[in-house]
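Engineer: Please read through the structure below; I'll follow up with questions.
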């Protein structure tokens, strides 16, 4: 079993997809954003979002951003920022 009790289940998959969808929508509305901003946008509206530290949000944002870069939805720019790819 992984770090999280629900890791690998359908619940975690749905949460990940929902967070990625919110991150993509956020990226399309802003010219360039940091991993912290992506993480904050991804967890916005969740019950525990206000209790999360900025480091946790940044870690979530970096994980989501790297996944979006791999899938071609975003690209990394100078200064450790991310922007939506032109598709």
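The values are calculated or read from the model by the stated rules, or taken from the named source; none is laboratory data. Everything numeric here is computed off the predicted structure, so don't read it as measured data. Here the Cβ positions follow ideal geometry from the backbone for every residue, glycine too, while neighbour counts run over all protein chains shown.
Engineer: Test residue 9 against the stated conditions and say whether it is exposed (fewer than 13 other Cβ atoms within 10 Å of the Cβ) and modelled with pLDDT of 90 or more.
Structural biologist: It is false that residue 9 is exposed (fewer than 13 other Cβ atoms within 10 Å of the Cβ) and modelled with pLDDT of 90 or more.
Engineer: Please verify whether residue 25 is more than 9 Å from the chain's Cα centre (by Cα), surrounded by 15 or more Cβ atoms within 10 Å (Cβ to Cβ) and under 16 Å from residue 86 (Cα atoms), treating the condition exactly as stated.
Structural biologist: Here the answer is no, as residue 25 does not meet what is asked.
Engineer: Report, ordered by the first and then the second residue, all pairs with beta carbons closer than 9 Å, sequence separation of six or more or different chains, a first member in region 1-22 that is assigned to a helix (DSSP H, G or I), and a second member that is loosely packed, with under 12 Cβ neighbours inside 10 Å and modelled with pLDDT of 85 or more.
Structural biologist: 20/71; 22/45
Engineer: Output the residues belonging to region 42-87 that are in contact with a strand residue (DSSP E or B) (Cβ under 8 Å, 6 or more places away or on another chain), in contact (Cβ under 8 Å) with a residue 12 or more places away in the chain and not in a loop (DSSP other than H, G, I, E, B).
Structural biologist: 65, 68, 69, 74, 77, 81, 82, 83, 84
Engineer: Suppose we keep only residues that are free of Cβ contacts under 8 Å to residues at least 24 places away in the same chain and in contact with a helix residue (DSSP H, G or I) (Cβ under 7 Å, 6 or more places away or on another chain) within region 28-41. Which one would you say is surrounded by the fewest Cβ atoms within 10 Å (Cβ to Cβ)?
Structural biologist: Looking at the filtered set, the residue picked out is 40.
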